[in-house]
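Working notes, structure below.
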Amino acid sequence: MTLRAVNEAYEESASPGRPQGIGVAGVTVEGALVCMRTLFEESERRLAAGCRPEVAFHQHPFSAYYPALAGGDWATVTALLVDSIDKLRQAGADFAIIPCNVVHFAIGDIAARAPIPVLDLVAETAAESERRGYARVGVLGTRWTMEGGLYDAPLRQRGIEPVVPGAAEQQTLQSIIVEELVAGRVREESTARLLAVVESLKAQGCQAMVLACTELPLALTEQNCGVALIDTTRLLAERAVAHAARPRVASTLAG
């Protein structure tokens with residue numbers, strides 16, 4: 001569900017009150033921490049002190065997710081995330097975000113089963129790419145995200161051509177993300193390898209890079225990439241803060 005759709009769903013029932021609570025359903029520790037840090041930064045930047053949202057967090061161990069992700073077991077991924085989102089609801093969250101790209105292969109089922117609305121990171125990213133006027137973007141993430149074409153249809157529906165690295169470069173990204181960035185390690189030599197992939201996509205005419213992995217901002221910036229980035233972690237946090245600023249309402253609306 002996009003921010004606009006969530007807003008429309010709440011439009012008639014909105015009433016004055018404190019900001020809506022944000023629930024963060026984590027998948028990897030580093031991705032969740034980067035997102036939550038950005039949430040608080042954006043709240044302080046955009047909202048007055050008395051208007052900042054409460055944030056709840058829940059995460060099952062990544063070890064519970066990894067076999068399911070590697071095997072494409074989206075039923076298990078969905079069950080884990082729906083359980084997290086229900087715990088977030090119990091903690092007072094009015095809507096949830098999931099700072100992990102690859103699990104959005106299952107966003108339809110997750111949103112249908114979740115007890116509160118869930119913002120769709122991929123839909124928000126595609127909308128932002130269109131808003132910026134891009135026609136061709138590189139997509140960087142885990143092999144599962146790139147090989148599976150997570151962003152292909154959402155971008156093409158908006159007239160944007162997604163470009164992913166070749167097979168060998170995808171494996172480079174997979175290894176660096178899973179073995180290093182997920183654990184919070186950023187090695188200079190690995191950053192250099194990531195930047196080489198970025199240069200390859202720039203040479204193919206990409207106007208921007210979608211950082212379709214919430215840990216990639218640990219290593220890649222617009223400064224070292226020399227090209228515009230769509231940081232999906234920051235974008236999700238920005239959209240969550242914008243939605244949280246709307247009045248809190250009592251609702252069990254599912255996404």
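Some observations on this one:
- Antiparallel DSSP beta bridges within the chain, as percent of all bridges there, nearest 5: 5
- Normalised by residue number, the volume inside the convex hull of the Cα atoms of the chain is 116 Å³ per residue.
- Sorted by Cβ neighbour density within 10 Å, fewest at the top, the residues Phe40, Phe95, Phe105: Phe40, Phe105, Phe95
- With Cα atoms, 0 to 90° folded angle of helix 232-244 axis to the chain main axis: 10
- Projecting the Cα positions of Ala127, Leu201, Val163 onto the charge dipole of the stretch 84-201 (unit charges on Cβ atoms of Lys, Arg, Asp and Glu, taken about the Cα centre) puts Ala127 furthest along the positive direction.
- Placing a pseudo-label 7 Å from each Cα along the Cα-to-Cβ vector at Gln157 and Glu44 gives an inter-label distance of 3.7 nm.
- Helix content alone sets the calculated 222 nm mean residue ellipticity of the chain: runs of n ≥ 4 DSSP H residues at -39500 (n - 2.57) each, divided across all residues, give -15000 deg cm²/dmol.
- The rule of thumb for compact globular proteins, 2.2 N^0.38 Å, goes into the C-alpha radius of gyration of the stretch 122-231 0.98 times.
- Cα centroid separation, the stretch 71-116 to the stretch 223-239 (Å): 23
- Which of His58, His104 has the fewest Cβ neighbours within 10 Å, and the rest in rising order: His58, His104
- Rounded to the nearest 20 debye, the dipole magnitude of the chain is 440 debye, with +1 charges on Lys and Arg beta carbons, -1 on Asp and Glu beta carbons, and the Cα centre as origin.
- Order of Arg143, Arg46, Arg239 under a 10 Å beta carbon neighbour criterion, fewest first: Arg46, Arg143, Arg239
Every read-out reported here was derived from the displayed coordinates using simple, explicitly stated rules and does not represent laboratory data. All values derive from a computational prediction rather than experimental measurement. Neighbour counts run over all protein chains shown; Cβ positions are idealised from the backbone, glycine included.
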